[in-house]
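Asks: Quick one: the structure is below, questions incoming.
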Amino acid sequence: MKYLDEYRDPRLASKMLKRIAERTSRRWTIMEICGGQTHTIIRSGIDRLLPDKISILHGPGCPVCVTPVHIIDKALVLASRTDVIFCTFGDMMRVPGNKEDLLTVKARGGDIRMVYSPLDAVQIARNNPRREVVFFAVGFETTAPANAMAVLQAYRDSLDNFTLLVSQVLVPPAIEAILSAPDNRINGFLAAGHVCTVMGYREYNPLAEKYLVPIVVTGFEPLDIIQGIEMLISQLENGTCRVENQYRRAVTEAGNLKAQHIINEVFDVTDRTWRGIGNIPLSGLALREKYRDFDAEVRFKPGDTVACESSECISGLILQGAKNPFDCPAFGNRCTPEKPLGATMVSSEGACAAYFRYRAKTVEKAG
Amino acid sequence: MCLAIPGKIEEIIDAADALGRVARVSFGGANREINLACVPEAQVGDYILAHVGVALSIIDAEEAEKIFDYLRQMEESSETKKDAN
Ligand code: SF4
């Protein structure tokens, strides 16, 4: 496919990797914060092809992984109602709440439908005027325009049977939470290209200045990621800490203003809890007063539960870059993608699942 | 789940109102309907980056080439170095 395959050329990749090796004189720790990048890095083994001096950590870059347990529990309550058609992205089906997951509710007869787009859920609401259609609106800034557009379309069409269960989170506040932690050891960040497609990258300038870290907006294909790392390493070696853009074919400094306008029309910034991390101030989105009728929590009042996560799971530490999936005693035995204990094993973009899928053999050897 | 994929606009289907502007987009031969409300300037033949049914940006063909220009330069300069040795 055009704009994909040419960014996967192994010959060019190895040339770039060689250059990185020549330039690296010291130990550097880099964090990426995008599940898509985690997946590419582990699948193509970029982390192992880099010089030993460079360590790559995988941050809280997967919305499936960071959706908190109490929101999953609300989804389970709503999906169990006989008057509700519950629509969700497929990735959310196996994420464990306190006791069960959406797949279990579906097996019990819950009307749960996996959709490709929130706009498909709006169409289901149009087609089923006598049923309540709830869409599980999880995601980062990348997904926010689609979720907001679903609300605008429902509003335009005066649909009174469509609501969102919102769990929208924002990336820069999570980066700040990680950088401001006392034991932070991250020297540079790869910022997620698709988030920046929407938001641009001006928000990162104050972070780079305050915490003295270079940040490089980076795409998702192997060559993109390797080039992003090269740009970071040359800044680190030169002692600069600027925001740079590797993913110029899709990202501009200001981002997509039209998309930002649509997001701002529908959503307002609010505090959000991140699974495994906790509350981060002003790190998410909630529906504005004008669109409160489309808020499933307001309409159905699904109630709050207290999360009791598996005590073994260290996904919170993994998401903050403090631990590696291999550090978890449950990894690969008590916790697998089939029977996940934590969200980072559920999502195919979660760090634990990526390591399980592409690194399982290494574990056997090591064990 | 934040992955956005590049596809080519084959046909603009519905331009009745800005929110509903939809295109048929080909992703390596597989077609899907994609909403164009966030990229009102997109035209047939453009490559867009789509995520969960919504186009987020138009791919800049010139910028897309630059990484390869850069790699070519890299190769040339390493060859010049080799020649110099
Ligand atoms: S392997 Fe499973 S239990 Fe361990 S941190 Fe990852 S998700 Fe949690």
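Asks: For residue A:162, which sequence-distant residues (separation of 5 or more, or a different chain) have an amide H within less than 5 Å of its own amide H, given hydrogens modelled in the peptide plane?
Replies: Result for residue A:162 returns A:133.
Asks: DSSP H helices in chain A with Cα extent of 30 Å or more along the helix axis and mean Kyte-Doolittle hydropathy at least 1.6?
Replies: Numbers: long enough: none.
Counting only whole DSSP H runs, no helix qualifies.
Asks: Over both sides of the B-A contact, add up the buried accessible area with a 1.4 Å probe and give it to the nearest 100 Å². Present the calculation step by step, with values, prior to reporting the outcome.
Replies: Values: alone 6230 and 16550 Å², together 19070 Å².
Chains B and A together bury approximately 3700 Å².
Asks: Counting only protein heavy atoms, probe 1.4 Å: which residues of segment A:226-261 lose 20 Å² or more of accessible surface in the full assembly compared with their chain by itself?
Replies: A:227, A:248, A:249, A:250, A:256, A:258
Asks: With springs only between Cα atoms under 10 Å apart, run a GNM on chain A and tell me which of A:355, A:247, A:116 wobbles the most.
Replies: So, out of A:355, A:247, A:116, the one fluctuating most is A:116.
Asks: Set the bar at 32 Å for Cα to Cα. Now go through A:323/B:66; A:53/B:66; A:15/A:258; A:74/A:339; A:210/A:339; A:2/A:53 and name every pair that lies beyond it.
Replies: Long pairs (Cα-Cα over 32 Å): A:323/B:66; A:15/A:258; A:210/A:339; A:2/A:53.
Asks: If you don't mind, there's one more thing I want to ask. Looking at chain A, send over the antiparallel percent of its DSSP beta bridges, to the nearest 5. It would help to have the intermediate numbers written out before the result.
Replies: Working: 9 of 40 bridges.
In chain A, DSSP labels about 20 percent of beta bridges as antiparallel.
Asks: Just to confirm, what accessible area per residue do you get for the protein assembly as shown at 1.4 Å probe, in whole Å²?
Replies: Working: 19070 Å² over 452 residues.
Computed with neighbouring chains in place, this is 42 Å² per residue.
Asks: Quick one: grab the alpha carbon gyration tensor of the protein assembly as shown, order the square roots of its eigenvalues as a ≥ b ≥ c, and give me rounded if a/c is under 1.5, else prolate or oblate depending on whether a/b is larger than b/c.
Replies: Values: a/c = 1.86, a/b = 1.31, b/c = 1.41.
Here the protein assembly as shown falls in the oblate category.
Asks: Quick one: pull the percent of accessible area on the protein assembly as shown belonging to carbon and sulfur, 1.4 Å probe, ligands and nucleic acids left out.
Replies: Working: 9430 of 19070 Å².
About 49 percent, which is the carbon plus sulfur part of the accessible surface.
The values are calculated or read from the model by the stated rules, or taken from the named source; none is laboratory data. Everything numeric here is computed off the predicted structure, so don't read it as measured data. Quick note on the areas: whole protein, heavy atoms, side chains included, nothing else; ligands and nucleic acids left out. Shrake-Rupley method; radii C 1.70, N 1.55, O 1.52, S 1.80 Å.
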